[in-house]
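Note sheet for the following structure.
Just so it is clear, none of the values below were taken in a lab; they were calculated from the coordinates. Bear in mind the structure is a predicted one, so any value in this text is a computation, not a measurement. Note: ideal-geometry Cβ built from the backbone for every residue, glycine included; neighbour counts use all protein chains shown.
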Amino acid sequence: MQIAKNHVVSFHYRLTGEDGAVIDSSYEHDEPLRALIGSGNIIPGLEEALIGHAQGDHFDVTVVPDKAYGPRRENTIQRVSKKYFQHPKRLQPGATTILNLRDGGHQAVTVHKVGMTMIDVDTNHPLAGKTLHFAIEIAAVREATAEEQEHHHVHGPDGQTGH
Ligand code: ZN
């Protein structure tokens, strides 16, 4: 079965930056990543690269910032109270962390400066402006269930872990 819109693909990936250092790897997690194609679950450049491939395929893809996390923006340093961080004492400049937003959402940020009660963060996504290299291995492909298509996300390996 070839990967197309409204298919669920399970895949392993190794993500490296332009310097060749590994940024993230699904092999360090227990399971492959799963995505519903056509629902924006993964960055556009990766989704485009997956389409047409099938179970067992191995391939490399390079994704430019416009098809990944976008360009780096200017003037994105914000001063935020430490209470919005999960582990403020562990944070050092350059660290990436998840900020708990007032509306209940989350945002990935990079620590710029740590003060007594406040932390300056760069709200650019940590991968903004970066060209990303993925080594991909397709583990499984199946059609999405009607419920998954309605929810725009994957319900487990067999589509039955609903929520
Ligand atoms: Zn759901």
Within segment 1-30, tally of residues that are in contact (Cβ under 8 Å) with a residue 24 or more places away in the chain and either within 15 Å of Arg142 (Cβ to Cβ) or in contact with a strand residue (DSSP E or B) (Cβ under 7 Å, 6 or more places away or on another chain) (or both): 18
Hits in segment 90-148 - residues which are in a strand (DSSP E or B) and either on the phi > 0 side of the Ramachandran plot or of a type in the set (Lys, Arg) (or both): Lys113, Arg142
Entirely in segment 1-80, the strands (runs of 3 or more DSSP E) that have 1 or more residues that are acidic (Asp, Glu): 22-25, 58-63
Residue in segment 106-116 that is closer than 30 Å to Arg142 by Cβ, free of Cβ contacts under 8 Å to residues at least 24 places away in the same chain and surrounded by fewer than 15 Cβ atoms within 10 Å (Cβ to Cβ) present: yes
Residues of segment 51-86 classified as under 30 Å from His7 (Cα atoms) and in contact (Cβ under 8 Å) with a residue 24 or more places away in the chain, total: 20
Qualifying residue in segment 33-41 (condition: within 17 Å of Glu148 (Cβ to Cβ), touching a Ser or Thr at 6+ places or on another chain (Cβ under 7 Å) and without any contact (Cβ under 8 Å) to a residue 24 or more places away in the chain): yes
Test: residue in segment 87-107 that is more than 16 Å from the ligand (Cβ to nearest atom) and within 23 Å of Asn6 (Cα to Cα): no
